[in-house]
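First the structure, in the form of C-alpha cells, and then the observations on it.
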Amino acid sequence: MSTLPTRRGAYGFDAPYAPILMVLNGTCLLALSVTQLWTGEGRHAMMRATALGVGALGQLFIAGIYIYFTRAGKFAVWTDLLDRLELKGDERLLDIGCGRGAVLLMAAQRLPRGRAVGIDVWSTMDQSGNAEQVTRRNAALEGVAERVELHTADMRHLPFDDGSFDVVVSSLAIHNISGAGERARALREAARVLKKGGKVAIADVRHTRAYASELEACGLKITERRSLGGRFWYAAALRLVAAIKL
C-alpha cells in the first residue's frame, strides 16, 4: 500500500452545496434552540430546546466530517485503488469527469513514461471552483503538467479513437448524468476507448449495479464490485466497479 502523498494543488469540495446546507441547517436549529430557552418556560420548553440543540450539533458535526473526507478521505481511497491497478508507468490513462484533478494527478504521478488524460464539462455544481485552468495549475503544482492532457468533453461522446487507453477511471462523476440510458451511453464510451486487456475502475454513489451490467454487456469482465468503506464521506454508499476488457 502506498503512503498517502502530500497534495500541493487545491482540489475544492465535492458537491459544495451540501456542506453549506448542513451548516445553514445547523445554524438555524441552534438559533431556534436558543430562542426556545430564552422565551419558553417549563420542562417541555427545555426538552424542545435540548432536542433542537442536539440536532444543530449533529448537522454541524456532519458538515465537518463531510469537509474532512472530501478533502482527505478520497485521496486515501484512490491511493489504494491506483495501487490495485498495478500501473507499470507507461500507460495511457483516462479520467472521466476529472474535475480539479484529484484522481487524475495522483495517477499522473505514477506514469513517468505515460499519459494521464482528463475530460470534464467543468460544472461548479459538482465541484467547487471546477475549471480547466484550475486543473492545469494543479498539474503544475504537482509537477506532472508535461504528462497531463485535458479536454472539454461530454463523457457520452468521448473524442478519442477506439482502444486509445490502457486504463479508464472515474470518481463520483457518472451518476451526475440524468437518465439510465444516458449513463449507459457513457459506460459504452468508456468501454469503446479501452484497449483489450485494459482496466476500468469506477467509484460512485449510485447505479453501480447497472454500471457493472452495462460493462459486462460491452465485453468486460467484472473483477470487483464492493463498498469502499468509511474513509470517504459517502461511506458505505460509495461503491467500486472494477473490470477488465477481454
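The values are calculated or read from the model by the stated rules, or taken from the named source; none is laboratory data. Remember, predicted model here, so these are calculated numbers, not experimental data. So basically every Cβ, Gly included, is an ideal-geometry build from the backbone, and we count neighbours across all protein chains shown.
Worth pointing out:
- Filter result for D120 (within 20 Å of D204 (Cβ to Cβ) and either more than 16 Å from the chain's Cα centre (by Cα) or at pLDDT 95 or above (or both)): yes
- Condition met for L104 (modelled with pLDDT of 95 or more, hydrophobic (A, V, I, L, M, F, W, C) and over 13 Å from the mean Cα position of the chain (by Cα)): no
- Residue match in the range 148-158 (condition: more than 30 Å from T6 (Cα to Cα) and crowded, with 19+ Cβ neighbours inside 10 Å): yes
- Matching residues, the range 185-233, being out of contact with any Ser or Thr (no Cβ under 9 Å at 6 or more places or on another chain), under 18 Å from A173 (Cα atoms) and in contact (Cβ under 8 Å) with a residue 40 or more places away in the chain: A191, L228
- Yes/no for H207 being assigned by TED's automatic domain parsing to the domain that holds H157, over 24 Å from V117 (Cα atoms) and buried (at least 16 other Cβ atoms within 10 Å of the Cβ): yes
- Residue check, K221 closer than 25 Å to L105 by Cβ and either in the same structural domain as D95 (by TED's automatic domain parsing) or modelled with pLDDT of 95 or more (or both): no
- Among the candidates A186, A180, A203, A190, the residue that is closer than 23 Å to R84 by Cα, modelled with pLDDT of 95 or more and not basic (K, R) is uniquely A190.
- Looking only at residues in the range 159-172 that are modelled with pLDDT of 95 or more and surrounded by 16 or more Cβ atoms within 10 Å (Cβ to Cβ), the one that is farthest from D83 (Cα to Cα) is F160.
- Among the candidates A210, A203, A190, the residue that is within 21 Å of A102 (Cβ to Cβ) and part of a helix (DSSP H, G or I) is uniquely A190.
- Top-ranked residue in the range 170-184 [being of a type outside the set (A, V, I, L, M, F, W, C) and in contact (Cβ under 8 Å) with a residue 12 or more places away in the chain; ranked as nearest to L94 (Cα to Cα)]: S170
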